Amino acid sequence: MLPGFLRALWGDLTKKELKKFALLSCAITIILGNYWMLRVMKNPIFDDLVGMKFQPYAKMASIAVVAVVILIYSKLVDIFHKHTLFYIICSTYSALFFFLGFATSHPEMFALSTSSPLYPLVQWIPGNFIGWLTYFVFESSSLLMILFWAFVASVTKAESAKKGYAMIVTCIQFGTIAGPAIVTKFAPKVGSPILVAFGGVLVLIVPFFIKLYMKHFPAEEVAEDKSKGPKEKTGFFEGIRLIVTKPYVIGIFVVSTIYEIIATILEFQMNMIAKDVFPTRDLFAAFTGKYGMSINTLTLTFALLGTSFFMRKLGLRVCLISYPIAIGVVLLGLLGINYVGATHIQLMWALFGSMIAVKGLSYALNNPTKEVMYIPTTKDIKFKAKGWIESFGGRMSKGTGSGVTASFANNLSGLLLFGTLISLGVVGFWIFVANILGKKFNKLQETNTTIK
C-alpha cells in the first residue's frame, strides 16, 4: 500500500494498518508538538519568575506533584474507557494552559502582599508562585504522552508495532520540530504567555482524532477490554505494586527512566550558561527553542533512516543496548573537551550538542523500542505501571540528577567532572539491565507469554 521508499522505512503496512497508524500519528503529533512548544519555555519562564538556581529543587518537588497526578490517573483508568480518558485529561490541561497564559503575563496579580494572612505560610518559597505552578503543570503534562502510548500498546500486536511505531515516530517529529520553531520565531515578538495560551487550543484538538479513530476501529478496544473478563477494581498503588513485584517491569522502569539522570545533569549546565548569554526571558526561550528544534530534527533524521531498520533487522535487544553505548561515547567526549580547557561559550555549545545527541536518540531509538516492551503485558501494566514509570519514575530519575546539580549549583567546573563520572557509572548499569530485558522480551515472544 506504500511507495517503495516508505516500505523501506516502515515495512509493508496493510491498508488497515496505514489508516490506523495515520490517525494515531495525527493525535500524537499534536500532543508532542504542543508539549515541546511548552517545554522549551519552561525554564525561561521559571528563571524569570523564580530563578534558575532553584530549578533543581523544582525538579525534586515535581516528584510529589506528579505522584498525585498519577494517583488520580490510576483511578480514572479503573472508571473510564481508555479513549474517554483523552477527553477528560485534554480538557483539564487545556483549561490549565489558558489560565497560565494569563497568569504568566500578569504574575503580579498572583503575588501575596506582606499584609496577607497567608504570607507567613509562603514567604519561604522563592520567587513568584506562578513560576512554580507553570513548572509543575508543564512537567505533569507528559501524562498525555503516557496515555497515548498506553492506548496504542493496548490495541497493537508486536509485529504490527515494529512497522507502525516507526511510522508514528517519523510523523511526530514534524510536530516536535514545529513546536520549538514557533517559540524561536514568535516568543521574542508576541511573548511566551501568548504561546502558553495557544497550547490550550492545541490540546483540545487531540480528542477529535481519538473520536475519529474509535469511529473506524471500535472493535479493537472493546475486544481488548472484554478479553480480560470482568474488570477488577484495583487500588491507587497498583502500578507501584506491579513494578516492584515483576522483574520484567523493573527492567522497563530502568531503560525508560535512567537516562533522565544524565540528561538532567547535562541540561542544567547548559541552561546555567545560556541564561547569562541570553539575559531576557523571551531570548532565552528562543535559544531553548533552537535546542528543541535541533533535538527533533536529529530524531526525524534517525527515524527516517534508522528506527524501523534497527527494530526489524537488528532486533529490539540491540536497540536497547545501542542507546546507552552512544551516551557513553558522548560523555567521554565531554570529558575530553573539559580536559583541553574549553571556554565558557565553547562549553555551552558542546553541552548543546551533547544534549541533542542524548535527547534525540532517546526519542528516535530508545522510546519506540521500550514502548514495544509493553506489548506482552496486561492492561494494568500498560496503563498503571507505565503511568508510574513514565511520570513518577521519570521524575525520580530527574530528581536524582537534580540532587547532583544542586550540590554543584555554584561550581559548574566541578559538576562537569564529577557529574560526568557519575553518569558513566549509570551507563554501565544501564547496559547490564538492557541486555537482560532484551533477552527476556525475545523469550516472551517465542513462547507467546504475557507478563501478568
At 0.692 mPa s and 37 °C, Stokes diffusion of the chain via Kirkwood alpha-carbon radius, µm² per second: 146
Do any of 246/398; 384/452; 75/384; 20/440; 370/440; 211/386 go past 20 Å between their Cα atoms, and which? 246/398; 20/440; 211/386
Computed helical MRE - 222 nm, the chain, DSSP H runs ≥ 4 contributing -39500 (n - 2.57), nearest 500: -25500 deg cm²/dmol
Pair residue 278, residue 301: separation of 7 Å Cα→Cβ label points (nm): 2.0
In whole Hz, with x marking every Gly and Pro, tabulate ³J(HN,Hα) for segment 424-440 from phi via Karplus 6.51 cos²θ - 1.76 cosθ + 1.60, θ = phi - 60°. 5, x, 4, 4, x, 5, 4, 4, 4, 5, 4, 5, 5, 4, x, 5, 5
If a/c stays under 1.5 just call it rounded; otherwise compare a/b with b/c (prolate if a/b is bigger, oblate if not). Do that for segment 382-432, with a ≥ b ≥ c from the square roots of the Cα gyration tensor eigenvalues. oblate
In whole angstrom, how far apart do the alpha carbon centroids of segment 125-187 and segment 86-109 sit? 17
Net lengthening on full extension, residue 445/residue 344 (0.36 nm per residue, minus Cα-Cα): 31.4 nm
Label-point separation (nm) for residue 407 and residue 157, each offset 7 Å from Cα along Cα-to-Cβ? 5.0
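Determine the share of the chain's accessible area contributed by carbon and sulfur atoms, expressed in whole percent, with a 1.4 angstrom probe.
So the carbon and sulfur contribution to the accessible surface is 69 percent.
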Residue 265 neighbourhood, Cβ < 14 Å, K/R = +1, D/E = -1, net charge +1
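Using 0.36 nm per residue, how much length does the chain from residue 205 to residue 64 gain when fully extended, once their Cα-Cα distance is taken away?
47.8 nm
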Which order do you get for 397, 91 if you rank them by accessible area with a 1.4 Å probe, largest at the top? 91, 397
To the nearest Å, what is the center-to-center distance of segment 268-286 and segment 361-439, using C-alpha atoms only? 25
Calculate the spin-label point distance for residue 417 paired with residue 250, positioning each point 7 Å from the Cα along the beta-carbon direction, and give it in nanometres. 3.6
Quick one: order 26, 90 from most to least accessible surface, probe 1.4 Å. 26, 90
Using a 1.4 Å probe on heavy atoms of the protein chains only, the accessible area for residue 98 in Å², nearest 10, reads 90
What does the accessible area per residue of the chain come to in Å², with a 1.4 Å probe and no ligands, DNA or RNA counted? 40
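The values are calculated or read from the model by the stated rules, or taken from the named source; none is laboratory data. Not measured: the values here are computed from a predicted model. We place every Cβ from the backbone using ideal geometry, glycine too, and count neighbours over all the protein chains shown. Just the protein is used for accessible areas: all its heavy atoms, side chains included, with ligands, DNA and RNA removed. Shrake-Rupley method; radii C 1.70, N 1.55, O 1.52, S 1.80 Å.
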